[in-house]
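J.: Sharing a structure, written as structure tokens. Questions coming.
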Amino acid sequence: MAYVISDECVSCGACEAECPVSAISEGDGKYQIDADACVECGACAGVCPVGAPSAE
Ligand code: SF4
Ligand code: SF4
């Protein structure tokens, strides 16, 4: 399953630069992950200051 970003996201943008497949983009009120592109590496979860990304 792809990672997903919860409503805890504060739109800092840190995860976007860490994603090796550029699956993360700024969405409406929070960042979002393209589930079809995500390779479940966990880099976004590792860099997020509020723990918003998680594997569903
Ligand atoms: Fe990108 Fe990895 Fe996060 Fe998936 S788990 S969105 S591939 S950084
Ligand atoms: Fe949102 Fe966390 Fe990504 Fe920052 S690192 S944009 S808080 S998911």
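J.: Report, to one decimal in Å, the Kirkwood hydrodynamic radius for the chain based on all distinct Cα pairs.
T.: Details: mean 1/r = 0.0935 Å⁻¹.
Roughly 10.7 Å, rounded to one decimal.
J.: What is the magnitude of the charge dipole of the chain about its Cα centre, with +1 placed on the Cβ of each Lys and Arg, -1 on the Cβ of each Asp and Glu, and no other charges, expressed in debye to the nearest 20? The partial results should precede the final answer.
T.: Values: 1 positive and 10 negative charges, 29 e Å.
The dipole magnitude comes to about 140 debye.
J.: What 222 nm value per residue comes from the helices of the chain, counting each DSSP H run with n ≥ 4 as -39,500 (n - 2.57) and dividing by all residues, nearest 500 deg cm²/dmol?
T.: Values: 2 runs with 10 residues, N = 56.
Roughly -3500 deg cm²/dmol at 222 nm, from the helical runs in the chain.
Coordinate-derived values only; no laboratory data. Nothing here was measured: the structure is a model prediction, and the numbers come from that model. For neighbour counting, all protein chains shown are included, and Cβ atoms are generated from backbone atoms with ideal geometry for every residue, glycine included.
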